[in-house]
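Below: one structure, written as structure tokens.
The values are calculated or read from the model by the stated rules, or taken from the named source; none is laboratory data. Keep in mind it's a predicted model, so treat the numbers as computed, not measured. For neighbour counting, all protein chains shown are included, and Cβ atoms are generated from backbone atoms with ideal geometry for every residue, glycine included.
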Amino acid sequence: MNNRFARCLMGAALLMAGPVRAEIKGDAIRIGVLSDMSGPFATAMGPGSVLAAQMAAEEFGGAIDGKPIRILQADHQNKPD
């Protein structure tokens, strides 16, 4: 009987869950690139990753639904936190 109750509860939860649509809020679409900008792998990954993301945004047209794409960058400094 307990298994039947769990199935009914799961079915009710699935029926109540509606589709969720993503929305773009704000004035721009921000895409973050977190890479090694100052550590030992900076020459291999850091600025090149940011440039690649910028080139991809430009290739995509620089905007989505009329909102500009902005690429943000940050240095993780090879720290696990």
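The residues in the range 1-41 that are modelled with pLDDT of 80 or more and basic (Lys, Arg) can be counted, and the count is 3. Residues that are of a type outside the set (S, T, N, Q) and within 17 Å of the chain's Cα centre (by Cα): does the range 4-16 have at least one? Within the range 4-16 (the criterion being of a type outside the set (S, T, N, Q) and within 17 Å of the chain's Cα centre (by Cα)), the answer is no, since none of the residues qualifies.
State which residue is surrounded by the most Cβ atoms within 10 Å (Cβ to Cβ) when the search covers only the range 48-69 and only residues that are out of contact with any strand residue (DSSP E or B) (no Cβ under 8 Å at 6 or more places or on another chain) and of a type outside the set (Gly, Ala, Ser). By that ranking, first place goes to Leu51. Residue check: Asn78 meets all listed conditions (1) exposed (fewer than 12 other Cβ atoms within 10 Å of the Cβ); (2) within 23 Å of the chain's Cα centre (by Cα); (3) without any contact (Cβ under 8 Å) to a residue 12 or more places away in the chain but one, namely (3). Restricted to the range 1-43, and to residues there that are in a helix (DSSP H, G or I) and either touching a strand residue (DSSP E or B) at 6+ places or on another chain (Cβ under 8 Å) or of a type in the set (Gly, Ala, Ser) (or both), the residue that is nearest to Lys67 (Cα to Cα) is Ala13. If you filter the range 58-80 down to residues that are within 11 Å of Ala28 (Cβ to Cβ) and of a type in the set (Gly, Ala, Ser), you find that the one that is modelled with the lowest pLDDT is Gly66.
Taking the range 52-73 as the range and being aromatic (Phe, Trp, Tyr) and in a helix (DSSP H, G or I) as the test, no residue passes. Pairing residues of the range 30-57 that are under 14 Å from Ala74 (Cα atoms) and without any contact (Cβ under 8 Å) to a residue 12 or more places away in the chain with residues that are surrounded by 12 or more Cβ atoms within 10 Å (Cβ to Cβ) and charged (D, E, K, R), at Cβ distances under 6 Å and at least 6 apart in sequence or on separate chains, gives Ala42/Asp36; Met45/Asp36.
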